[in-house]
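Trainee: The structure that follows is given in the form of C-alpha cells.
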Amino acid sequence: MADVGAVGIPLSREGDAQSTEAARLKHSFYRHLLGSARFFAQHARTFENRAVQQGQLGGGAAGDLVRHRSYVSGAILSAAAFLEASINELYLELHGLRSNERTRLPRRVLADLGRFWSDIERAPVLHRYQVVLMVADAERFDERRAPFHDADSLMKLRDALVHFRPERPESRRRLRTLEQRLRNRFDLNPLAPRDSEWFPDLCLSAECAEWAVKAADDFTEDFCKRMALPARGLAWCDVSTRPRARDVELEAERRVPSAELVNGTAPNGDTSSPIGR
C-alpha cells in the first residue's frame, strides 16, 4: 500500500490514476507519543542494566528508584496516550477529506463515522477502535485475546498510575486483578526490595516499559491490517533526526527552507539518534 506521508490515508482522485494525497491535520502527535514511549523504555532499560551491573539489586538509592520509575511511567503513559491520539486523529483525517476525493474506504463508511463519532469520542479508547471496525464492516477484535487483551491491560495499568488511590478498598481490588492479568507478562523490577508491594514498586520495571510499547504497537498494527490502512505504529514511526524522503517533500510543499532536511542531516551533522534505535 502506498506511503502517503503525514496521515497514512490512501486516496485517489476521480478520473485520475492512483495517487497519494493527504488530508492533513494542523498538528499530529500520535507518532511522537509512540516515539516517546520507546524513548522512555530504552532509557529505563539502560538505567536498569547499569544498576544491576553495579550490584544495586533490591536496594537502590531513593533517587535512583525515582529516576528509574520516571522512565517506566513515562513509557506506559505515552504508549496509552498514543492509542487514544491515534484513533482520534484517524477520525479527523478521514473526516477532513474533501468531497472531490475518495478513499479506499467506501464513502458510506466516512459518512457513518461522522455520525457515530460524536457519540463515541468520550467512550473508552479501545471501544472507539471496535466501533470504527464495525462501521467499516471489518473484523472486530476478540477482547479476550491478544492484541486487544494486552492493550486493555495497558490502559488499566495507565489508569492505576493516574488514579492511584491505595487507601480505597476498590482501588486495592483493581490492583489485585491487574496483577493477575499481568502475571508472567514481564520481569519485575530488580531495583526494588523483594518484599515491596507489587504496584508500584515491583511492577514498574524496564521490561514492563518495553511490554507497554509492544502492546500499543501490536494493537495498532493489527487494527491497521483489519482496516487496510498503512502502518501507524513503530513500522511507520521512525523517530530519528534523519528525515525520510516524504518528510522532505512535505517541507518543500510548505515552502519552509531547511538545508538540514534537504541534505538529510541533523543540524550538527549527526544522522543518528538514540531515540530511534
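The values are calculated or read from the model by the stated rules, or taken from the named source; none is laboratory data. On a predicted model such as this, the values are computed, not experimentally measured, just so you know. Virtual Cβ from ideal backbone geometry, glycine too; neighbours counted across all protein chains shown.
Trainee: Among (1) in contact with a Leu (Cβ under 8 Å, 6 or more places away or on another chain); (2) modelled with pLDDT of 95 or more; (3) surrounded by 19 or more Cβ atoms within 10 Å (Cβ to Cβ), there is one condition D150 misses while meeting the rest; what is its number?
Mentor: For D150, the exception is condition (1).
Trainee: When D142 is evaluated against the numbered criteria (1) at pLDDT 95 or above; (2) surrounded by 12 or more Cβ atoms within 10 Å (Cβ to Cβ); (3) touching a Phe, Trp or Tyr at 6+ places or on another chain (Cβ under 7 Å), which criterion, by number, is the only one it fails?
Mentor: Failed condition: (2).
Trainee: Another question about this same structure. Of the numbered conditions (1) of a type outside the set (D, E, K, R); (2) surrounded by 18 or more Cβ atoms within 10 Å (Cβ to Cβ); (3) closer than 27 Å to R128 by Cα, S171 satisfies every one except a single condition; which is it?
Mentor: The one condition S171 does not meet is (2).
Trainee: For the range 104-138, enumerate the residues that are charged (D, E, K, R) and either in contact (Cβ under 8 Å) with a residue 60 or more places away in the chain or not assigned by TED's automatic domain parsing to the domain that holds S86 (or both). Outline the logic, then answer.
Mentor: Pass one, the range 104-138, residues charged (D, E, K, R): 104, 107-108, 112, 115, 119, 121-122, 128, 137.
Residue satisfying the conditions is R104 alone.
Trainee: Taking the range 109-142, which residues are within 22 Å of I76 (Cβ to Cβ), in contact with a helix residue (DSSP H, G or I) (Cβ under 7 Å, 6 or more places away or on another chain) and part of a loop (DSSP other than H, G, I, E, B)?
Mentor: Correct list: F141 only.
Trainee: Scanning for something modelled with pLDDT under 90 and of a type in the set (D, E), does the range 193-207 turn up at least one residue?
Mentor: We begin by selecting, within the range 193-207, every residue modelled with pLDDT under 90; these are 193-194.
Those left that are additionally of a type in the set (D, E): none.
No; the residues of the range 193-207 include none that is modelled with pLDDT under 90 and of a type in the set (D, E).
Trainee: Related question: Pick out the one residue from S196, S171 that is in a helix (DSSP H, G or I) and farther than 20 Å from D142 by Cα.
Mentor: Details: S196 fails: in a helix (DSSP H, G or I).
Within the list S196, S171, the selection yields S171.
Trainee: Please state which one of R226, R181 is modelled with pLDDT of 90 or more, over 24 Å from Y71 (Cα atoms) and among the basic types (K, R).
Mentor: Details: R181 fails: over 24 Å from Y71 (Cα atoms).
When all the criteria are applied, what remains is R226.
Trainee: Here is a follow-up. Considering the range 215-232 alone, what residues qualify as being crowded, with 21+ Cβ neighbours inside 10 Å and closer than 16 Å to S153 by Cα?
Mentor: Taking the range 215-232 and keeping what is crowded, with 21+ Cβ neighbours inside 10 Å, we get 215-217, 219-220, 223, 229, 232.
If the condition is that a residue be crowded, with 21+ Cβ neighbours inside 10 Å and closer than 16 Å to S153 by Cα, then A215, A216, D217, F219, T220 are the ones that fit.
Trainee: I'd like the residue in the range 83-108 that is part of a helix (DSSP H, G or I) and among the acidic types (D, E) and, out of all such residues, is modelled with the highest pLDDT.
Mentor: Restricting to residues being part of a helix (DSSP H, G or I) and among the acidic types (D, E), the top hit is E84.
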